[in-house]
Amino acid sequence: MEELAIFERIQIYQRDRSCVYDSGGNTTSAATVLHDLLFGEWNTVEKDMLKIGQECLRELSMRTPK
């Protein structure tokens, strides 16, 4: 998309709605930033979300008869 210049501007946001990439003022490619976000280290919010999900799953599995 960047090479073809399909869009005038590319912005990438995290779940908390914070902008982590704006092609208007960034020299790094959007593809690199997106790859790092999808496959890089987990941030604190993502780790917390995983813990909450695991706790919910554990509670649900205790309720479900086997």
Under 11 Å, Cβ to Cβ, from residue 37 - net charge with Lys/Arg +1 and Asp/Glu -1: -2
In degrees, nearest ten, helix 44-63 long axis to first principal axis of the chain (Cα): 30 degrees
Where a label projected 7 Å from the Cα of residue 48 along Cα→Cβ would reach, residues of segment 5-23 with amide N under 18 Å: 14-19
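Report the FRET efficiency, 1/(1 + (r/R0)^6), for residue 37 and residue 3, where r is their Cβ-Cβ distance and R0 is 25 Å, rounded to 0.05. Walk me through the numbers before you get to the answer.
On the way: r = 20 Å, r/R0 = 0.80.
Given R0 = 25 Å and the Cβ-Cβ separation, E is 0.80.
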Relative contact order, percent, segment 2-66 [alpha-carbon distance under 8 Å, six or more residues apart]: 19 percent
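Using Stokes-Einstein with the Kirkwood hydrodynamic radius over Cα pairs, what translational diffusion coefficient do you get for the chain at 25 °C and a viscosity of 0.890 mPa s, in µm²/s rounded to a whole number?
Working: Rh = 14.7 Å.
Here the translational diffusion coefficient equals 167 µm²/s.
A short reminder: the numbers here are calculations on the coordinates, not readings from a lab. Small disclaimer: the values here were computed from a predicted structure and weren't measured. No Cβ is skipped: glycine too gets one built from the backbone with ideal geometry, and neighbour counts run over all protein chains shown.
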